[in-house]
Amino acid sequence: MSDGVKEITGQETLRQVYDQPAEMTTKKILDRLDDHCRRFIALSPFLTIASTSAAGTDCSPRGDEPGFVRVIDDHTLILPDRRGNNILDTLQNVLARPDVGLLFLVPGLNETLRVNGKARLVTDPDLLQSLAIKGKIVPSSAMEIAVEQVYFHCGRAILRADLWNADKKASRDDFPLLGTVLADQIKGVDAEATNKRLEVAYTTNLY
């Protein structure tokens, strides 16, 4: 950090910069999933999940058909682990430290739903079978999340980003394909071949 930069180093200094939260803001934080939370999760096809351990912090995307996250009861969620890159950052973090934070999004809605809790990895065969895609593609594991905090976040971030405005979608020409990026980053990677392989994977082997 360069000399002369002012740094926030404690709670007291932080509150000198920011106002106290409004009463409604603190009262909206629940310790359970009510009907509105359940409905939002049922509509959501996408979330991000944050986790941490001594090895570092990770935030990963998860997506599937709306309602892919199952609400078991007011205090429990089940998140199936679909096929990914097998680096397993999130899963390894959960084994080391169970604390996770989830952010649910619903396309077209400006509000988001935040869920904080503790997770564990489960491999019960009956549970995993019930989470199978089209009854065939069974996840290798699932994450059972004990809900500790849940609340709706106002839509200002989505509105500022104008996230759902179709006219502001980036064109495929605005950014190179992933295979091209990887070829620039990793010596020996063939951009054209990798792009073709990814195209096949995206269209025929999504799960």
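The values are calculated or read from the model by the stated rules, or taken from the named source; none is laboratory data. Being a predicted model, the structure only gives us computed values, none of them experimental. So basically every Cβ, Gly included, is an ideal-geometry build from the backbone, and we count neighbours across all protein chains shown. What goes into the accessible areas is simple: the full protein's heavy atoms, side chains included, and nothing from ligands, DNA or RNA. Shrake-Rupley method; radii C 1.70, N 1.55, O 1.52, S 1.80 Å.
Numerical summary
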item	result
Enumeration of residues in segment 125-142 that are under 15 Å from residue 70 (Cα atoms) and open to solvent by 80 Å² or more (accessible area, probe 1.4 Å)	126, 129
Positions within segment 90-104 being surrounded by fewer than 19 Cβ atoms within 10 Å (Cβ to Cβ) and farther than 20 Å from residue 68 by Cα, in sequence order	92, 95, 96, 97, 98, 99
Residue identified as surrounded by fewer than 13 Cβ atoms within 10 Å (Cβ to Cβ), touching a residue at least 40 places away in the same chain (Cβ under 8 Å) and acidic (Asp, Glu) among 19, 34, 74, 81	34
Condition met for residue 62 (surrounded by 14 or more Cβ atoms within 10 Å (Cβ to Cβ), within 17 Å of the chain's Cα centre (by Cα) and basic (Lys, Arg))	yes
Residue within segment 136-146 that is more than 28 Å from residue 38 (Cβ to Cβ) and without any contact (Cβ under 8 Å) to a residue 12 or more places away in the chain present	no
Flag for residue 41 being closer than 24 Å to residue 77 by Cα, of a type in the set (A, V, I, L, M, F, W, C), open to solvent by less than 60 Å² (accessible area, probe 1.4 Å) and in contact (Cβ under 8 Å) with a residue 60 or more places away in the chain	yes
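For every residue, the table says whether it meets (1) basic (Lys, Arg); (2) modelled with pLDDT under 95.
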{"site": "120", "(1), (2)": "yes, no"}
{"site": "133", "(1), (2)": "no, yes"}
{"site": "137", "(1), (2)": "no, yes"}
{"site": "155", "(1), (2)": "no, no"}
{"site": "183", "(1), (2)": "no, no"}
{"site": "187", "(1), (2)": "yes, no"}
{"site": "191", "(1), (2)": "no, no"}
{"site": "196", "(1), (2)": "yes, no"}
{"site": "203", "(1), (2)": "no, yes"}
